[in-house]
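Working notes for the structure below.
The values are calculated or read from the model by the stated rules, or taken from the named source; none is laboratory data. Bear in mind the structure is a predicted one, so any value in this text is a computation, not a measurement. For neighbour counting, all protein chains shown are included, and Cβ atoms are generated from backbone atoms with ideal geometry for every residue, glycine included. What goes into the accessible areas is simple: the full protein's heavy atoms, side chains included, and nothing from ligands, DNA or RNA. Shrake-Rupley method; radii C 1.70, N 1.55, O 1.52, S 1.80 Å.
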Amino acid sequence: MAHIDLKTPSLCTSEPLAKEPLSHALSVLGQIVRSCYGPTGRLKQLHNGVGGYVRTSSQSLALLGGLSVTSPGLKLLTASVQNHLAHFSDCGLFTAIFCCSLLEKFQELNITPCTFIKTSQHLLSLCLDYLASETCGCRIPVDFGSSKIPLTLVRSILTSKPACRLSRKEADHISILVLEAFLFTIPENIDTHVKLGKCLYIPVKNKRVMDSAVYPGLLIEVPEPHLARIHLIKKDTSSTIKMALFCMSLSGDLSNSGEGAIVVPQGVSLEAAVLGQLLHVGKQIVQDGVGVLVCQKVIHPALQQYLKENHVVAIERVGLMLMEPLKQMTGSQPIPSLQFMSPACYGHLKDLRTQCIASKWFFHLIPNDPVVCSLMLCNRNETAWDELKLACQTAEHVLQLTLRDPWVLLGGGCTETHLSSYIRHTSSTAAGSTLEELCCSQTEFKMVADSFCSSLESVACCLDHDGGNVLTDTKWGHFWSVPPDVPTRSDWSDLIWECGCGLCDKEQSFHWRMLQRCASPFPPQSCVNESSVTSADNLILDCFAAKKNGLQVAVETANLILDISYMIEDQN
């Protein structure tokens, strides 16, 4: 007789943010992401309870992907940040810290969620409008005709990932390579619909970072060194190499024959018939003057031998990931079946060479227009290489976003403190119509504005992990840090040299004050101009598109969690 279990009633929690489980989980997540923030952020080791792969990282993509989150409210927060990272790759920790800070600040206030949500949404719109305005004092235009700003942006991203273990010289070298690889992916002939190429990362571990290099075109590893020997390759009249690209198996199996029965006449060998068909394909390839045949899957040994004898280079098992780059850089159309084989499917290569890298042999496919490139990435060990690859991919994506929206923001905490100063000044005298629209009093508006600005400033404060003091100047509204164990009444001008982003130095005779201390609001001025940007040697920059979207995601996610009155969990 079957055993029937009664369904357990769902667990219903009212005002979940006020309850201990979510409040405690939010505090723990906040501590984790805050401690990882910035170039001196503390590393975390991620592993499951039964052993397996251990990941050491401080990057939000690795952290949030490796954390086991059980609280529904926290799942909503982490899912929002992960969705942001899926589209922008950068500013994940900023988004998580700002969101956690807003929720924690709300718990300290004695106001309704509705008032907090409406007011913080209004303050968010002020931030977004300011960032988009011509008077914005924390954004810099990007001209890709000069390498200074793009290179600084890439370097800022790489140096903010401490697990990459890069020295200044190594960070500069990798930054140049990432920018060079990105420029390769931009087509020479640009029309209204621009499609960028692709950069592929070739792993070389236990080697010096300075051995890393960029190769235009595609590097495909050769499993056996003797296969890398290239004899005379056929070239057409334009001195290019004709290439055929197969996305089907050429092994002679029947996996691509579809469903149904195969009728074999008596006395006919199926294997011989299939092999004869493959050799017929080889003859057509040779007759059409093809010099290189690339197959996603396996090539039959007999066909490989026939092609080799006729000076056609056969490259097999390239995998699905390389099919799109091969198609893009050669103009080939992948051949899905022998019935669809046609000279119109062939593409062209400029050259084919062999390359030996760290005792491994590669075919180097060089296209006419190198919209695809290979970045041979070296690092000391597997952990550092994984982190470096993730950082390089983030930097590459950020450059793509910056190409579409050519602005960058000041980094090193200066954008956060500048925005905070702007919001404090703008919201110090709220218009009556604004208060009426938000359905709140002047006191409530000021409370939410202070919490919003303190949350922004708390993100900047997370850059200091050694217990030092953090300051802001009363002119530009930039972020300044003071070493730890310094007496409070010391002359700060003797202890600091430049602001967090590196654009301002102490020679400009500032007045400083402690960050997150009550003081009179002031309108922050802009120090961004061509001469100051050009002369700055140690600039720190952030991606405009990523930080702007992160700001929006943090506020909207916090408001969504605050708007939850009941949380219903199915216990079955």
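L349 contributes about 0 Å² of solvent-accessible surface, heavy atoms of the protein only, 1.4 Å probe. Under 18 Å of direct C-alpha separation, and excluding same-chain neighbours fewer than eight residues apart, K75 reaches these aspartates and glutamates: E15, E20, E104, E556, D563, E569, D570.
Using a simple spin-label model with pseudo-atoms 7 Å out from Cα toward Cβ, V54 and D466 lie 2.7 nm apart.
Using a probe of 1.4 Å, the accessible surface attributed to F340 totals some 140 Å² when neighbouring protein chains are kept in position.
Kirkwood hydrodynamic radius computed over the stretch 294-401 comes to 16.5 Å, based on all pairs of distinct alpha carbons.
The angle separating the long axis of helix 270-287 from the principal Cα axis of greatest extent in the chain is about 80 degrees. Computed on protein heavy atoms with a 1.4 Å probe, the accessible areas place K169, K350 in the order K169, K350, largest first. In degrees from 0 to 90, rounded to the nearest 10, what is the angle of the helix 382-404 Cα long axis to the longest principal axis of the chain? In the chain, helix 382-404 runs at an angle near 80 degrees to the longest axis.
Net charge in the neighbourhood of S520 (other residues with Cβ under 15 Å of its Cβ; Lys, Arg +1, Asp, Glu -1) is +3. The stretch 98-130 and the stretch 447-466 have their alpha-carbon centroids 13 Å apart. Excluding N549 itself, calculate the net charge of residues whose Cβ lies under 11 Å from the Cβ of N549, where each Lys or Arg counts +1 and each Asp or Glu counts -1. Summing Lys and Arg as +1 and Asp and Glu as -1 gives -1. In straight Cα distance, which lysines are under 18 Å from K446, not counting same-chain residues fewer than 8 positions off? Partners found: K105, K118.
Net length available on complete extension from Q45 to N189 is 47.3 nm, with 0.36 nm assigned per residue and the Cα-Cα distance removed.
Think of the chain as a dipole: +1 on every Lys or Arg Cβ, -1 on every Asp or Glu Cβ, centred on the Cα centre; then among G282, L322, V214, G282 lies furthest on the positive end. For K242, the lysines whose Cα falls under 23 Å of its own Cα, not counting residues fewer than eight places away in the same chain, are K198, K234, K283, K297, K308, K327, K350.
Placing unit charges on each Cβ (+1 for Lys and Arg, -1 for Asp and Glu) gives the chain a dipole about its Cα centre, and among A96, P484, V154 the Cα reaching farthest toward its positive end belongs to V154.
Beta-bridge orientation, the chain: approximately 70 percent antiparallel, per DSSP, counting only bridges with both partners inside. Rounding to the nearest 10 and keeping the result within 0 to 90°, find how far the Cα-based axis of helix 92-107 lies from the longest principal axis of the chain. The helix 92-107 is inclined about 30 degrees to the chain.
The fraction of accessible area contributed by carbon and sulfur in the chain is 52 percent, rounded to a whole number (1.4 Å probe; ligands and nucleic acids excluded). Under a model in which nothing but the beta-carbon of Lys, Arg (+1) and Asp, Glu (-1) is charged, the chain shows a dipole of about 1360 debye around its Cα centre. Here M243 sits with roughly 0 square angstrom of accessible surface, probe radius 1.4 Å.
A crude spin-label estimate for the pair D405 and A273, with each label 7 Å from Cα along the Cβ direction, gives 6.0 nm. Using alpha carbons only, the radius of gyration of the chain set against its Kirkwood radius gives Rg/Rh = 1.07.
Of I496, I117, the residue with the largest accessible area leads and the full order is I117, I496 (1.4 Å probe). Once label points are set 7 Å from the Cα along Cα→Cβ at both E569 and Q552, what is their separation, rounded to one decimal in nm? Between E569 and Q552, the label points sit 3.3 nm apart. List the relative contact order of the stretch 26-166 as a percent without decimals, with contacts defined as Cα pairs under 8 Å and 6+ residues apart. This gives 29 percent for the stretch 26-166.
L456: net charge of surrounding residues, Cβ under 15 Å, Lys/Arg +1, Asp/Glu -1, itself excluded? Charge balance near L456 sits at +1. Over the stretch 415-478, the pair-distance histogram of Cα-Cα distances with 10 Å bins from zero comes to 21, 43, 25, 10, 1 percent, rounded to whole numbers. Counting only Cα atoms, the stretch 314-471 measures 75, 41, 24 Å along its principal axes, largest extent leading.
From helices alone, the chain scores -13000 deg cm²/dmol at 222 nm; the rule is -39500 (n - 2.57) for each run of n ≥ 4 DSSP H residues, then divide by the residue total.
Around the Cα centre of the stretch 365-438, unit charges on the Cβ atoms of Lys, Arg, Asp and Glu (plus for the first two, minus for the last two) sum to a dipole of about 200 debye.
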